[in-house]
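To keep things clear, I will list the structure first and then write my remarks on it.
The values are calculated or read from the model by the stated rules, or taken from the named source; none is laboratory data. Quantities reported herein were computed from a predicted structural model and do not represent experimental measurements. Methodologically, a virtual Cβ is constructed for each residue, glycine included, from the backbone with ideal geometry; neighbour enumeration extends over all protein chains shown. These area figures cover heavy atoms from the full protein model, side chains too; ligands, DNA and RNA do not enter into them. Shrake-Rupley method; radii C 1.70, N 1.55, O 1.52, S 1.80 Å.
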Amino acid sequence: DVQLVESGRGSVQAGGSLRLSCAVSGYSVASNRMAWFRQAPGKEREGVATISANGGSISYVDSVKGRFIISQDNAKNTLYLEMNSLKPEDTAMYYCAARAWVTGSIWSGYAYWGQGTQVTVS
């Protein structure tokens, strides 16, 4: 049984930083692509950052480039998202996701999802 548990929720002031973690069980983060998604009030869910199984290919949505860093610790089987220079528009529920099948898009094929963790920037 695959489970993803996010942690690191919190409220921060604009310009601040926050680090999210996603502890994974029943699935190896080194086996397939992982990603962070988010959904803000009144907006559709969007892919934020994604990292390939070996960590060699990383992509970000334009709005977070230069501010967010996705990484993984294979030994701890954990995915991370470091968020810096946070803006009010970053306020959203953030979700960790694990890919189950390869598709033509790096933002598709995710079958396993965490419960989500709230990030609020004021």
Residue under question is Leu18, and the condition is that it be modelled with pLDDT of 95 or more, touching a strand residue (DSSP E or B) at 6+ places or on another chain (Cβ under 8 Å) and open to solvent by less than 30 Å² (accessible area, probe 1.4 Å); does it hold?
no
Do you know which residues across the stretch 102-119 are under 17 Å from Leu4 (Cα atoms), open to solvent by 50 Å² or more (accessible area, probe 1.4 Å) and either at pLDDT below 95 or not in a strand (DSSP E or B) (or both)?
Gln115
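Answer with yes or no whether Ala35 is under 16 Å from Leu81 (Cβ atoms), surrounded by 18 or more Cβ atoms within 10 Å (Cβ to Cβ) and free of Cβ contacts under 8 Å to residues at least 40 places away in the same chain. Steps first, please.
On the way: under 16 Å from Leu81 (Cβ atoms): yes; surrounded by 18 or more Cβ atoms within 10 Å (Cβ to Cβ): yes; free of Cβ contacts under 8 Å to residues at least 40 places away in the same chain: no.
It is false that Ala35 is under 16 Å from Leu81 (Cβ atoms), surrounded by 18 or more Cβ atoms within 10 Å (Cβ to Cβ) and free of Cβ contacts under 8 Å to residues at least 40 places away in the same chain.
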Within the stretch 47-63, is there a residue that is of a type in the set (D, E, K, R) and out of contact with any Gly (no Cβ under 7 Å at 6 or more places or on another chain)?
yes
Hey, among the residues in the stretch 72-86 that are outside any strand (DSSP E or B) and not charged (D, E, K, R), which one's least open to solvent (accessible area, probe 1.4 Å)?
Leu86
Residue list for the stretch 38-71, restricted to those being assigned to a strand (DSSP E or B) and open to solvent by less than 20 Å² (accessible area, probe 1.4 Å):
Arg38, Gly47, Val48, Ala49, Thr50, Ile51, Phe68, Ile70
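Answer yes or no as to whether Ser71 is among the polar types (S, T, N, Q) and free of Cβ contacts under 8 Å to residues at least 60 places away in the same chain.
For Ser71, the condition - among the polar types (S, T, N, Q) and free of Cβ contacts under 8 Å to residues at least 60 places away in the same chain - is met.
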Can you name the condition, by its number, that Glu89 falls short on among (1) in contact (Cβ under 8 Å) with a residue 60 or more places away in the chain; (2) open to solvent by 40 Å² or more (accessible area, probe 1.4 Å)?
(1)
